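K.L.:
Please see the structure below; I have some questions.
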Amino acid sequence: MEPGRSGIEKQLISLNLNQPGAAISVGDLDAAKVTTYQVPGVDTKVATSMPDLVRAADGQYGEQYRIAELSSTTAGNPPRLAVVGWLAFEPAPAAGVFDDGNARTGGSFLSKDINTLAAVQNSLGNTASNNISALSYGTLTAQAAAVEGVAVDSVNLNADIGVLKGVAGVQDFHLNPGADVYQTKFTVDNISEIGNASRQRIQGFHTQTFQAPPGGPSFTVPIPGYGATQLGADGTGTTGEASALPTENHGWLQAEGKLGYASVGTESSLNQANVSLGLTDRLTNSGKPVVPH
C-alpha cells in the first residue's frame, strides 16, 4: 500500500492474474461508511490501465472528502470513505462494444464483489452506503449487476451507451430499498450517442399516439423513458460554493486538454460525489431544486 495524491493509502483488494482482473481501493474498504465502485469502459486492461483507474478513484475520494468536510451534516467529522478502481473483469474490447455478453459476465463479478462486501459489513455491524459509478460500456456492466441483484444505494451511469438488452428500465433492477439510479452525459458526447443509436435510449421521454374512437381526434402523450434521474455534466450548474467545470471528453480523466467525467472540479465529478454521500439536495441540473450550502 502507498498513499495517493489525496494522501490516503491504496489497497489491492483483488487480483487474478489468470483472468486477468484486479481492483484497488483508495481508502480502507472494510472500515468505510461510504464506498464507490468505479467501473470503466471498453479496452481497459489490468496490465496498462490500473494507474489511471487509481488516479480517477483518488480524485473522487478527494472530491467526496472535501464535500463531506464542508457539509452541514458531516462538518468536522466526515465519514470514512473508500473509492474502488474496479477491474475484476476486463470489459469488452472496442470491437465488442455492441455485445452485451461481456457486460453480463462482468456484472456477475461486480455483484458478487459488492454483495460480499455488504455481507462483511453486516457481520461487523458496519452500516454503510455502497454505490456504483460506471462509465460508457461499464454502464452496461453496472446494469447487468443491478439486474442480477446488487447491494447498493445508488447507480450512476456516466456516458451511457444505452440500455442492456432485455432491460425495460430501472424497475428491472434489484438494489437496496430506496436506491436511486442516475444518468450523466455532457450534451455533445457523440460516443455515447453512437451507443444509444443502436440500443434503447436511457434518457428523456418518447411519445405515443393513441387513436380515439372513430370520429374522434387522436392524441399524443409523453411516455417516461428508462427511469434514471438526469444529472448535469456541462458545467452550467453550481456546487453551492463555486461554479463547476464542464466535462468535455468521454473518458474518466483529462485527455488532450479536455476534462473527463471523473476530473476533479467538474460538474459530473461533483454530482457523483454528492450521489455517493447521499447529498441529493446538492445535485445540479437534475430537475431537483439545489439547496444552497
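K.L.:
Among the residues of the stretch 198-216, write down those that are of a type in the set (A, V, I, L, M) and either in contact with a Gly (Cβ under 8 Å, 6 or more places away or on another chain) or at pLDDT 90 or above (or both).
P.N.:
Result: Ile202, single match.
K.L.:
For Leu175, all conditions in the list (1) surrounded by fewer than 24 Cβ atoms within 10 Å (Cβ to Cβ); (2) over 15 Å from the mean Cα position of the chain (by Cα) hold save one; what is the number of the exception?
P.N.:
Here Leu175 meets the rest and fails (2).
K.L.:
Considering every residue within the stretch 250-261, establish whether at least one is closer than 30 Å to Ala92 by Cβ, hydroxyl-bearing (Ser, Thr, Tyr) and either modelled with pLDDT under 95 or out of contact with any Asp or Glu (no Cβ under 7 Å at 6 or more places or on another chain) (or both).
P.N.:
Checked against the condition, which is being closer than 30 Å to Ala92 by Cβ, hydroxyl-bearing (Ser, Thr, Tyr) and either modelled with pLDDT under 95 or out of contact with any Asp or Glu (no Cβ under 7 Å at 6 or more places or on another chain) (or both), the stretch 250-261 yields at least one hit.
K.L.:
Could you please find all residues in the stretch 98-116 being open to solvent by 10 Å² or more (accessible area, probe 1.4 Å), assigned to a helix (DSSP H, G or I) and of a type outside the set (Ser, Thr, Tyr)?
P.N.:
Answer for the stretch 98-116, where residues must be open to solvent by 10 Å² or more (accessible area, probe 1.4 Å), assigned to a helix (DSSP H, G or I) and of a type outside the set (Ser, Thr, Tyr): Gly101, Asn102, Arg104, Phe109, Lys112, Asp113, Asn115.
K.L.:
Here's a follow-up. Taking the condition closer than 24 Å to Gly265 by Cα, touching a residue at least 12 places away in the same chain (Cβ under 8 Å) and within 16 Å of the chain's Cα centre (by Cα), does Gly27 pass?
P.N.:
no
The values are calculated or read from the model by the stated rules, or taken from the named source; none is laboratory data. Fair warning: this is a prediction, and the values are worked out from it, not measured in the lab. Cβ sites come from the backbone with ideal geometry, for glycine too, and all protein chains shown count toward neighbours. For the accessible areas, the whole protein counts, side chains as well, though only heavy atoms, and no ligand, DNA or RNA atoms are used. Shrake-Rupley method; radii C 1.70, N 1.55, O 1.52, S 1.80 Å.
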